[in-house]
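First the structure, in the form of structure tokens, and then the observations on it.
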Amino acid sequence: MTPQPAGPPDGGWGWVVAAAAFAVNGLSYGLLRSLGLAFPDLAEHFDRSAQDTAWISALALAVQQAASPVGSALSTRWGARPVVMVGGVLASLGFVFSAFSRSLLHLYLGLGLLAGSGWALVFAPALGTLSRYFSRRRVLAVGLALTGNGASSLLLAPALQLLLDTFGWRGALLLLGAITLHLTPCGALLLPLALPGDPPAPPLSPLAALGLGLFTRRAFSIFALGTALVGGGYFVPYVHLAPHALDRGLGGFGAALVVAVAAVGDAGARLVCGWLADQGWVPLPRLLAIFGALTGLGLWVVGLSWGATLLAAAVAYGLSAGSYAPLVFGVLPGLVGIGGVVQATGLVMMLMSLGGLLGPPLSGFLRDETGDFTTSFLVSGSLILSGSFIYIGLPKALPSCGPASPPATPPPERGELLPAPQAVLLSPGGPRSTLDTTC
């Protein structure tokens with residue numbers, strides 16, 4: 001039998017897992033973010049509106065995130081490695097099928113249903129496995145993995161525009177299918193890791209495997225409600241940032257540049273915020289509420305900007321959105337404990353799908369009604385601000401009234417934000433009181 005480690009190794013093979021999660025994120029969300037560049041060609045070819053083409057990304061996001069608990073449950077039962085490998089094959093087939101589409105319905109089925117189902121099997125298991133490999137540097141590792149989104153957008157946005165101009169949208173989708181197949185070897189790198197606090201055997205009940213019991217915890221329920229609202233606006237720029245830039249008269253490569261600079265700011269902020277969060281200077285729930293609010297304000301600025309100002313606004317949005325992303329997943333072990341982090345990751349993706357399904361089509365509808373995307377981005381920013389306000393109800397989201405003692409290190413199977421069973425927890429320097437004066 002393999003001996004069980006005392007806790008997450010905080011390195012070693014964990015960095016290989018981080019690299020695999022980096023690629024998984026880039027070939028899912030990064031690719032989806034750049035896909036909006038093809039929508040004007042699709043709308044023109046099928047003679048449909050922006051709202052109709054927006055349903056392609058909306059369905060892909062909704063299926064990916066709504067089915068993420070299924071990916072987490074399968075990963076809990078059979079391990080992340082085979083689940084992610086199968087998901088990579090499904091996502092690739094979705095792009096290949098879509099390249100031969102004769103109507104938007106075929107694109108809904110190919111990119112929305114088939115590719116979305118494949119992405120649902122790769123993202124949550126990969127990120128949940130990564131969280132199990134780290135403790136002290138967990139948010140930094142998650143932030144590093146999530147930079148795959150921005151790095152992929154930086155590379156794929158101009159590349160996709162070049163493919164569209166050279167091969168048309170059918171050839172571009174076929175080549176993207178070949179690129180997406182690289183998710184399969186990424187899954188092969190996700191070695192399983194046994195930790196204290198893991199159940200002695202995989203759950204047999206489907207409901208237990210999905211982790212629905214986590215909703216009985218007050219802190220996770222607050223987090224769930226806030227995240228669902230944030231999801232209503234967070235993914236609108238993934239779909240409509242490029243068309244918004246086109247509406248502002250920046251042209252094809254100008255729109256690609258807007259997407260690219262937002263991706264650069266996004267990627268850099270994920271690393272910096274991950275490092276900052278791991279220092280412990282500010283509690284994670286407080287950082288989550290702050291950067292969530294800044295993301296909402298950033299979308300307001302993007303919606304009101306024109307010309308070259310839109311480039312600066314895209315950078316500001318990218319910085320705030322990138323800072324928010326690693327915190328969403330980094331705070332989970334503190335809310336549910338390390339043993340439930342894979343299931344919690346899948347549930348978070350499902351919650352964001354509630355908004356992801358409605359946000360882009362609503363944005364497209366508002367664009368068709370008003371003639372531009374200004375109102376779309378203002379509404380999206382307002383939804384994110386509402387969710388950030390709800391995050392204030394999380395433990396440690398608000399400052400305490402008095403000085404707090406240095407944080408103790410909780411047992412690995414518990415989260416540091418869960419109620420402590422005793423007034424004293426063991427820390428590396430010995431017993432320390434965790435009592436604090438709170439408002």
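Summary table below
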quantity	calculated
Residue identified as touching a His at 6+ places or on another chain (Cβ under 9 Å), closer than 30 Å to LEU271 by Cα, at pLDDT 90 or above and crowded, with 22+ Cβ neighbours inside 10 Å among SER92, SER98	SER92
Test: LEU111 is touching a helix residue (DSSP H, G or I) at 6+ places or on another chain (Cβ under 6 Å), under 26 Å from ALA256 (Cβ atoms) and crowded, with 20+ Cβ neighbours inside 10 Å	yes
Filter pass, ASP52 being in contact (Cβ under 8 Å) with a residue 40 or more places away in the chain and charged (D, E, K, R)	yes
Residues located in the stretch 362-396, provided they are of a type outside the set (A, V, I, L, M), farther than 17 Å from LEU297 by Cβ and open to solvent by 10 Å² or more (accessible area, probe 1.4 Å)	PHE365, ARG367, ASP368, GLU369, THR370, GLY371, ASP372, GLY393, PRO395, LYS396
Single match in ALA54, ALA18, ALA23 (criterion: among the aliphatic types (A, V, I, L, M), within 30 Å of ALA208 (Cβ to Cβ) and crowded, with 20+ Cβ neighbours inside 10 Å)	ALA18
3 or more residues among the hydroxyl-bearing types (Ser, Thr, Tyr): qualifying helices (runs of 4 or more DSSP H) within the stretch 50-143	68-78
Which numbered condition VAL86 misses (of (1) open to solvent by 60 Å² or more (accessible area, probe 1.4 Å); (2) more than 21 Å from the chain's Cα centre (by Cα))	(2)
Residues satisfying the stated conditions in the stretch 280-318, i.e. crowded, with 24+ Cβ neighbours inside 10 Å, of a type in the set (Val, Ile, Thr) and out of contact with any Pro (no Cβ under 8 Å at 6 or more places or on another chain)	THR295
Yes/no for ALA20 being part of a helix (DSSP H, G or I), small (Gly, Ala, Ser) and touching a Gly at 6+ places or on another chain (Cβ under 7 Å)	no
Any hit, the stretch 2-14, residues being closer than 22 Å to ASP198 by Cα, open to solvent by less than 10 Å² (accessible area, probe 1.4 Å), at pLDDT below 85 and among the small types (Gly, Ala, Ser)	yes
Among the residues listed as GLY168, GLY177, the single one being under 30 Å from ALA54 (Cβ atoms), in contact (Cβ under 8 Å) with a residue 40 or more places away in the chain and in contact with a Ser or Thr (Cβ under 7 Å, 6 or more places away or on another chain)	GLY177
Test: residue in the stretch 61-69 that is at positive phi and of a type outside the set (Ser, Thr, Tyr)	no
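The values are calculated or read from the model by the stated rules, or taken from the named source; none is laboratory data. Because the structure is predicted, anything quoted here is derived from the model rather than measured. Cβ: placed from backbone, ideal geometry, glycine included. Neighbour counts: every protein chain shown. For accessibility, only protein heavy atoms count, side chains too; no ligands or nucleic acids. Shrake-Rupley method; radii C 1.70, N 1.55, O 1.52, S 1.80 Å.
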